[in-house]
Amino acid sequence: MGSLKPAGYLFVVLCAACLPSAAQTSAAPDNWRARTKVGQKMPAFSVVDTAGRRFSIPELNGTVVLVNFWATWCGPCRAEIPRLEKEIWEKYKSGHFVVLGIAREQSKDEISKFKDQQGITYPIAPDPHRDVYKLFADAGIPRNYLVGADGTILYQTVGYDRAEFDALKRIVEQELAKLQNR
């Protein structure tokens, strides 16, 4: 077995910044733990996406919102994004549902190029100084927060795990069904 080249070390370090999955959060370092809990109100924030649209959590009350923290360099994020696009956004997008990707420590230019290359159609916004991210955690991406129409956190994860992603899809579907049955 060969030794790692300097670029290999960088890859290992970058990938380590993205893990663990939420199933492992009880064993995760303290700085990876969420500052929020399921059942509490979603922290209030607003961002401007790459198209110049403003998204404000308080103003999205009455809408089911999926907030995804990510970065272009994060391997697990890059694995999750196509699933967010195809299996959640394309399937459920409506006036009652929003997916909002927030790129941690990245500029509008960086994420605009990535969005075009990857064919992302849901709104994404930069968070170059972690102004929004720091409301949720110190470390660990991807991070997902599903917010109910009443503004409470229904589900949250850190890391990318296929089974957790499937659970997230089921909860999105259930919440949207509740809105349609009102």
Name the single residue that is most open to solvent (accessible area, probe 1.4 Å) among those in region 138-179 being more than 25 Å from GLY95 (Cβ to Cβ), touching a helix residue (DSSP H, G or I) at 6+ places or on another chain (Cβ under 7 Å) and of a type in the set (D, E, K, R). ASP138
Could we say that GLU164 is more than 20 Å from SER46 (Cβ to Cβ) and touching a strand residue (DSSP E or B) at 6+ places or on another chain (Cβ under 6 Å) here? yes
For SER26, state whether it is modelled with pLDDT under 95 and in a loop (DSSP other than H, G, I, E, B). no
So which pairs qualify, if the first residue must be in region 154-178 and in contact (Cβ under 8 Å) with a residue 12 or more places away in the chain, the second must be basic (Lys, Arg) and in a helix (DSSP H, G or I), the Cβ gap must be under 8 Å, and the two must be at least 6 apart or on different chains? PHE165/ARG83
Do you know which residues across region 100-137 are open to solvent by 70 Å² or more (accessible area, probe 1.4 Å) and outside any helix (DSSP H, G or I)? GLU105, THR121, HIS129, ASP131
Picking from LEU84, LEU146, the residue that is touching a Leu at 6+ places or on another chain (Cβ under 6 Å) and either under 20 Å from THR157 (Cβ atoms) or not in a loop (DSSP other than H, G, I, E, B) (or both) would be LEU146
With the structure loaded, tell me whether ARG53 is at pLDDT 95 or above, over 23 Å from ALA167 (Cα atoms) and basic (Lys, Arg) or whether it fails that test. yes
Can LYS93 be described as free of Cβ contacts under 8 Å to residues at least 12 places away in the same chain, open to solvent by 10 Å² or more (accessible area, probe 1.4 Å) and out of contact with any Ser or Thr (no Cβ under 7 Å at 6 or more places or on another chain)? no
Of all residues in region 116-138, how many are under 13 Å from the mean Cα position of the chain (by Cα) and in contact (Cβ under 8 Å) with a residue 40 or more places away in the chain? 9
Does ARG182 meet the test of being surrounded by fewer than 20 Cβ atoms within 10 Å (Cβ to Cβ), outside any helix (DSSP H, G or I) and out of contact with any Lys or Arg (no Cβ under 6 Å at 6 or more places or on another chain)? yes
How many residues, within region 37-76, are in a loop (DSSP other than H, G, I, E, B) and either open to solvent by 80 Å² or more (accessible area, probe 1.4 Å) or farther than 28 Å from GLN180 by Cα (or both)? 11
Exactly one of (1) in contact (Cβ under 8 Å) with a residue 24 or more places away in the chain; (2) more than 18 Å from TYR145 (Cα to Cα); (3) more than 14 Å from the chain's Cα centre (by Cα) is unmet by LYS113. Its number? (1)
Of VAL99, VAL147, the only residue that is of a type in the set (A, V, I, L, M), closer than 25 Å to ARG170 by Cα and without any contact (Cβ under 8 Å) to a residue 40 or more places away in the chain is VAL99
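The values are calculated or read from the model by the stated rules, or taken from the named source; none is laboratory data. Keep in mind that this is a model prediction, so the values were computed, not measured. Cβ coordinates were reconstructed from backbone atoms using ideal geometry, including for glycine residues, and neighbour counts include every protein chain displayed. The protein model used for the area step is the full one, side chains on, heavy atoms only, and it has no ligands, DNA or RNA in it. Shrake-Rupley method; radii C 1.70, N 1.55, O 1.52, S 1.80 Å.
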